[in-house]
Structures are given as structure tokens and as C-alpha cells.
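Notes to accompany the following structure.
The values are calculated or read from the model by the stated rules, or taken from the named source; none is laboratory data. Keep in mind that this is a model prediction, so the values were computed, not measured. Counting neighbours? That spans all protein chains shown, and the Cβs are built from the backbone with ideal geometry, glycine included. Side chains are part of the model used for accessible areas, which takes the heavy atoms of the whole protein and leaves out ligands, DNA and RNA. Shrake-Rupley method; radii C 1.70, N 1.55, O 1.52, S 1.80 Å.
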Amino acid sequence: MDSTLSHLLPEVINIARASGQLILDIYEKGDFEEFTKSDDTPVTSADLAAHKLIMEKLSQLTPDIPILSEEDADIALEQREKWERYWLVDPLDGTQEFIARSGDFATIIALVENNRPVMGVVYGPVSGVTYYAYEGKGAWKIPDMDESIRISTLKHEEKQPIAIAISRRQDINNITRCMSPEWNYDLVPLGSAALKACLVAEGAVDCYLRLGPTGEWDTAATQCIVQEAGGRILSTELEPLSYNERESLENPNFIVLGDENLPWNKILTCR
């Protein structure tokens, strides 16, 4: 097997876009079914249709690489831990935003090797924007099918407020309680976790703080993109996230950092 699979990026981008277009078609028609999963989170027929498409396309592209999708994640660690390389997928990140018709949702595909994300693709169907990265090759953005633009995180200017992307559905008081009152903040509410992380990668905001349940599929692709853009994704304890190393696939609370030179150990107080 090739030591690097960066040559697969164009086809993986095409798969993410095909999934996103399928989701967008369902979204625009407004003709979808809504269900509740065993963990009390919503899932729709759009999530399931996108999952089916991605599974089929990735299996055709790389028959020997296993796939872990949010919609088919009931795979024991005993089996998963044998995987040296696997696809990690969230077919529709931002299901609640899809249902609420905010437009803030995305398709996410990551390649994980030896417990480390090495490829990431995020496609926002409503905006048409694509973010992608491969380890060692930089982070890139394609605005609405245009030319690729290299992106990088923001270098924070002294005395400027820290711009924080937050979940539109999160209690703002919980966020502010986690931030030192010694600093000023601008809160930027959005939907999809992946799209908020990508805002950090392209330097639109300083950070994204996420409190509450997420899965490894929510962060793997964006971790690669953010790191290649010059940032980090860490738990709120300022420790690295793990992939495929625990029975649970749930992430801890985390923060996506743009400028590592800021004193985050003093800014972030909910540790």
C-alpha cells in the first residue's frame, strides 16, 4: 500500500460534494423523515442517504480500508484497534441545523492513520465551500467551486477582543463561565462543529469552544485542516484528542485554537 494517500484527495472531495448535493436536494425539497437515535440525538433520512452514498463510494475507491461512520459506529474497540488506517465520516454534521433550516451543516470525511488524522475534507452544501488538507501539504479552501486558496490561522492582535465561534444551540453563560474575565470576547454563533473549526483554520475567528457531546467523527477532518493551517484542537484540559484508542468514541469538551501564542492556560478557566 502507498505510504501516502494524498493522491486520493480530489476523489474524496468529489465524494464529499456528491454527499452534500444529495443532502442539499433533500433540504431544498423539505421532504425528509426525522428519527431519534438511542442516545436521544436526531437523525434524518438525509443523514442516512448521505451515509449510504459515502460508504458505497469510499468502498469502491479503497476496498481494503475500513470505514467508521457516525451512522454505523457500533464497532467494538477490539475490532477497531486492529485498524492501522481507516476512514472516519460524519455524513451530515449539524443535523439539528438541517432540521432547523439554518443552512449550517456539512459533510465530513477524514482519513486516520495510526490514530492520527492525516486527511480532512469538509464540504458545506449551502455555501458550496470546501475545506481540505493532507498532513504536510497545507490547508486549503475552495470557495464555491472556485480555485483553491491556502488558508492559515489568525495571529491575534494585542488588545483586540478574542473572537470565539460557539454553537448556536449552546447556553452562552456556560461559554462565558469558561473564559477569564480579564479578556474581552466577541461571540460568533454558528451551527456545524466542522464549519466553526474551519473558521478558525481560515483566520476568521480566534477559537471555537465546544462544551457538550461530540464524536471523533466531528473533529478528525478538522483537526488535520486546523493543524495544517497552524492551529490546534485540544481538550479543555489542553490535552490532545485521541482517535480509536477508547471504547467510547465520544470526545471530551474541546477548544480549537488559532494562535498558540495566546496564554490559553490563563484564558480558559473551565479545567
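For first residues located in the range 104-124 and under 17 Å from A193 (Cβ atoms) and open to solvent by 10 Å² or more (accessible area, probe 1.4 Å), partners that are part of a strand (DSSP E or B) and modelled with pLDDT under 95 and lie 6+ apart or on another chain with Cβ distances below 8 Å form the pairs D104/L190.
Among the residues making up the range 96-128, those that are of a type in the set (G, A, S) and over 17 Å from L5 (Cα atoms) are A100, S102, G103, A106, G124, S127, G128. Quick check on L22: is it within 19 Å of S148 (Cβ to Cβ), in contact with a helix residue (DSSP H, G or I) (Cβ under 8 Å, 6 or more places away or on another chain) and either buried (at least 16 other Cβ atoms within 10 Å of the Cβ) or of a type in the set (A, V, I, L, M) (or both)? No: the conditions fail for L22.
Residue count for the range 234-250, restricted to those that are surrounded by 18 or more Cβ atoms within 10 Å (Cβ to Cβ) and within 13 Å of L209 (Cα to Cα): 2. Among the conditions (1) touching a Cys at 6+ places or on another chain (Cβ under 8 Å); (2) open to solvent by 10 Å² or more (accessible area, probe 1.4 Å), V200 misses just one, which is (2).
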